[in-house]
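Reviewing the structure listed below.
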Amino acid sequence: MRYPILIEEGSEDTAFGIVVPDLPGCFSAGDTLDEAMESAKEAVAAWVDCALDNGTAIPAPSKLEDVRRLPGYEGWSVGVVELDPALFDDTIERVNITLPKRVLRRLDDLAKARRQSRGAFIADLTLHL
């Protein structure tokens, strides 16, 4: 999936700026265009991850023609940032991990205290770090 981005040209004194109009509040910057593009990929991935965690719908990408006509961005270049489809994959997968018994016992005690299964507890820990 590709999202259109707007790129503000940088200079020796200012960074390149990138805005992702379809994802409210999603933006990045970098001293070079390459750095700004890499930061944009990270910002989009973080935005999508947060939206999925919060149950927020992910907007469909706009057409490039529509983004070119957005007010307030005259003179900005238009590009795209490509998303890894794995970002959207919430398929449950069975995993096998090896832990010392004392760690597993502690993990199970913590999960039980929260009235969660072991898997749900581990998922919550990961999502709320």
| remark: With the first residue restricted to the range 82-96 and required to be more than 21 Å from Glu38 (Cβ to Cβ), and the second required to be at pLDDT 85 or above, Cβ contacts under 9 Å at 6 or more apart or on different chains are Asp90/Leu52; Ile92/Gly119; Val95/Gly119
| request: Quick one: count up the residues across the range 42-57 that are surrounded by 12 or more Cβ atoms within 10 Å (Cβ to Cβ) and either touching a helix residue (DSSP H, G or I) at 6+ places or on another chain (Cβ under 6 Å) or in contact (Cβ under 8 Å) with a residue 40 or more places away in the chain (or both). | output: 3
| message | Quick check on this structure: which one of Leu70, Leu64, Leu87 is among the hydrophobic types (A, V, I, L, M, F, W, C) and modelled with pLDDT under 85? | response | Leu87
| task | Test Phe121 against the criterion of being in contact (Cβ under 8 Å) with a residue 40 or more places away in the chain and either out of contact with any Gly (no Cβ under 6 Å at 6 or more places or on another chain) or surrounded by 10 or more Cβ atoms within 10 Å (Cβ to Cβ) (or both), and give yes or no. | result | no
| If you check Ala36 against the conditions, is it touching a Gly at 6+ places or on another chain (Cβ under 9 Å) and closer than 23 Å to Pro4 by Cα? | yes
| Residue check: is Leu87 over 18 Å from Gly25 (Cα atoms) and part of a helix (DSSP H, G or I)? | yes
| request: Search the range 20-35 for residues that are farther than 16 Å from Asp66 by Cα and pair each with any residue that is assigned to a loop (DSSP other than H, G, I, E, B) and of a type in the set (Val, Ile, Thr) when their beta-carbon atoms are under 8 Å apart and the residues are at least 6 apart or on different chains. | output: Cys26/Val20; Phe27/Val20
| request: Output the residues belonging to the range 1-37 that are loosely packed, with under 15 Cβ neighbours inside 10 Å, under 14 Å from the mean Cα position of the chain (by Cα) and outside any strand (DSSP E or B). | output: Pro24, Gly25
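The values are calculated or read from the model by the stated rules, or taken from the named source; none is laboratory data. This one's a predicted model, so the numbers in the text were calculated from it and none came from an experiment. All Cβ positions, glycine included, derive from the backbone under ideal geometry; neighbour counts span all protein chains shown.
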